[in-house]
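The values are calculated or read from the model by the stated rules, or taken from the named source; none is laboratory data. Everything numeric in this text was worked out from a predicted model, so none of it was measured. Using ideal geometry, Cβ is built from the backbone for each residue, glycine included, and neighbour counts are taken over all protein chains shown.
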Amino acid sequence: MNLHEYQGKQILKTFGIGIQEGIVAESPEKAVEAAKELTKTTGTNWWVIKAQVHAGGRGKGGGVKLAKSLEEVMERATNIIGMNLVTPQTGPQGKKVHKVLIAQDVYYPGESKTAEFYVSVLLNRQTGKNIIMYSTEGGMDIEEVAEKTPHLIFKEEVDPAVGLQGFQARRVAFNLGLSGNAFKEMTKFIANLYKAYDSIDASLFEINPVLKTSDNKIIAVDAKVNMDDNALYRHPNIAELRDILEEDPTEVEAGKHDLNYVKLDGNVGCMVNGAGLAMATMDMIKLSGGEPANFCDVGGTANAARVEQAFRIILSDPNVKAILVNIFGGIVRCDRVAQGIVDAYKNIGTIPVPIIVRLQGTNAAEGKKIIDDSGLKVYSAIQLKEAAELVNQVLTK
């Protein structure tokens, strides 16, 4: 689960990390009210209007603007709220902006003693250890920095069994070229950032940029936070921060029925029971001449109700020209799945695309017979090769 910038910053603040203060607003009028409130609490006379979407590179797409008056706050917020923001991370389809963050201006004209850094904490899955990745090149795309100047990216590996050590936090501050009070502030920042990452079971904390102010304070100007979905049950207060408007509506609907669904760009719908089988099935679809339209795992209890919902969700994609159901009967019997497919087919009514069903495992033969005797427009198969040939046949008709 991803969090918005303003949500991530509030989490950072609870762990004693200095942030660029801001107030979220869902309308231009509320944006002006937020700007006035920020002036009272922080003394700022300029404000930064930031689109709140789950994507980076917002400034490049026109989603981050500076306002030097309340009139400009109204104008900028009016232009940003409701816009379709296209960034390098949204793809060409973009994302609709539903709210903005009105943030204090932390950059002062004429100051030359400020500096921007990049800092992130994430898991290295190869070593099973956490990594603090940081650079002196803050405010830039880290991918671009890694490509053009890889020597400016540093990494500090942290063993989760012992946690971040003091000398490691100091080494980060030293490698960033800091000294004096800024060195001490950065050491505290890194320690508290790692504590926040570890405490809430995040999979990523990315702060870009981290700002060293002219008076040597260290604050987070941005915050990108990704949560480990498998740990959300331990953090119900964070789970409540989920913004379904930022997610694919079809994937949200699938989640309501305990379906693991990811939309893709192909023409063959895919329904399986098991993530590994799903990957193999998508490979098979490509080898047969098609392109997978989705990843849909109905799980080990593929009953009629769940199969029906999976069909409805897959068919909601107009690009789907055929559906391949690939079920391995281990925990669940193939004949029970086959009956669920027949029942789901009848409940849905007219299904405009051909369905290929491949059943293997417990009672696979009995399941095939149920499909064959149903009288429905369903092609059945037992062998993987046979299913692939059927996919190719229906696509080339």
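For the range 30-69, residues that are without any contact (Cβ under 8 Å) to a residue 24 or more places away in the chain and charged (D, E, K, R) total 6. Considering each residue of the range 350-392, count those that are more than 36 Å from the chain's Cα centre (by Cα) and in a helix (DSSP H, G or I), and give that number. Going through the range 350-392 one residue at a time, the tally reaches 11. Restricting attention to the range 142-154, which residues are at pLDDT 90 or above and loosely packed, with under 13 Cβ neighbours inside 10 Å? Correct list: K148, P150, H151. Would you confirm whether any residue within the range 270-282 is at pLDDT 85 or above, outside any helix (DSSP H, G or I), within 27 Å of V86 (Cα to Cα) and in the same structural domain as A387 (by TED's automatic domain parsing)? Within the range 270-282, not a single residue is at pLDDT 85 or above, outside any helix (DSSP H, G or I), within 27 Å of V86 (Cα to Cα) and in the same structural domain as A387 (by TED's automatic domain parsing). With respect to the conditions (1) at pLDDT below 80; (2) at positive phi, G361 falls short on a single one, namely (1). Report the residue count in the range 305-349 for those that are in a helix (DSSP H, G or I), under 20 Å from E251 (Cα atoms) and of a type outside the set (A, V, I, L, M, F, W, C). The qualifying residues number 4.
If the condition is being closer than 13 Å to N79 by Cα and in contact with a Lys or Arg (Cβ under 6 Å, 6 or more places away or on another chain), then the range 21-66 contributes E26, I49, A51, V64, K65. Looking across V73, V100, V119, one residue alone is over 20 Å from E206 (Cα atoms), aliphatic (A, V, I, L, M) and buried (at least 21 other Cβ atoms within 10 Å of the Cβ). It is V73.
A single entry from D198, D258, D228 fulfils the requirement of being assigned by TED's automatic domain parsing to the domain that holds A387 and either under 30 Å from G340 (Cα atoms) or of a type in the set (D, E) (or both): D258.
Within the range 368-389, residues that are crowded, with 21+ Cβ neighbours inside 10 Å reach partners that are of a type in the set (S, T, Y) with beta carbons closer than 6 Å, at six or more positions or on different chains, in the pairs I371/S380; A388/S288.
Could you look through the range 276-296, keep only residues that are more than 18 Å from A381 (Cβ to Cβ) and of a type in the set (A, V, I, L, M), and pick out the one that is surrounded by the most Cβ atoms within 10 Å (Cβ to Cβ)?
Initially, the range 276-296 is screened for residues more than 18 Å from A381 (Cβ to Cβ), giving 276, 279, 291, 293-296.
From what's left, of a type in the set (A, V, I, L, M): 279, 293.
Details: M279: 14, A293: 25.
Result: A293.
Looking across the range 239-252, the residues that are in contact with a helix residue (DSSP H, G or I) (Cβ under 7 Å, 6 or more places away or on another chain) and either free of Cβ contacts under 8 Å to residues at least 24 places away in the same chain or in a loop (DSSP other than H, G, I, E, B) (or both) come down to L241, I244, V252.
So which residues in the range 113-127 are more than 20 Å from A173 (Cβ to Cβ) and in contact with a Ser or Thr (Cβ under 8 Å, 6 or more places away or on another chain), if there are any at all? Listed by number, the list holds a single entry, L123. When the range 155-203 is examined, which residues are found to be more than 25 Å from the chain's Cα centre (by Cα), among the hydroxyl-bearing types (S, T, Y) and surrounded by 13 or more Cβ atoms within 10 Å (Cβ to Cβ)? T187 - this is the single residue of the range 155-203 that is more than 25 Å from the chain's Cα centre (by Cα), among the hydroxyl-bearing types (S, T, Y) and surrounded by 13 or more Cβ atoms within 10 Å (Cβ to Cβ).
With respect to the conditions (1) surrounded by fewer than 22 Cβ atoms within 10 Å (Cβ to Cβ); (2) of a type outside the set (S, T, Y); (3) closer than 20 Å to I219 by Cα, E26 falls short on a single one, namely (3).
Screening P92 with (1) assigned to a strand (DSSP E or B); (2) exposed (fewer than 15 other Cβ atoms within 10 Å of the Cβ) gives one miss only, at (1). Scanning the range 230-252 for residues that are under 16 Å from the mean Cα position of the chain (by Cα), over 24 Å from T362 (Cβ atoms) and of a type in the set (G, A, S) turns up at least one hit.
Taken over the range 297-319, the criterion of being in contact with a strand residue (DSSP E or B) (Cβ under 8 Å, 6 or more places away or on another chain), modelled with pLDDT of 80 or more and surrounded by 19 or more Cβ atoms within 10 Å (Cβ to Cβ) is satisfied by D297, V298, V307, A310, F311, I313, I314.
The numbered conditions (1) in contact with a Gly (Cβ under 9 Å, 6 or more places away or on another chain); (2) free of Cβ contacts under 8 Å to residues at least 60 places away in the same chain; (3) buried (at least 20 other Cβ atoms within 10 Å of the Cβ) are all true for G361 except (3).
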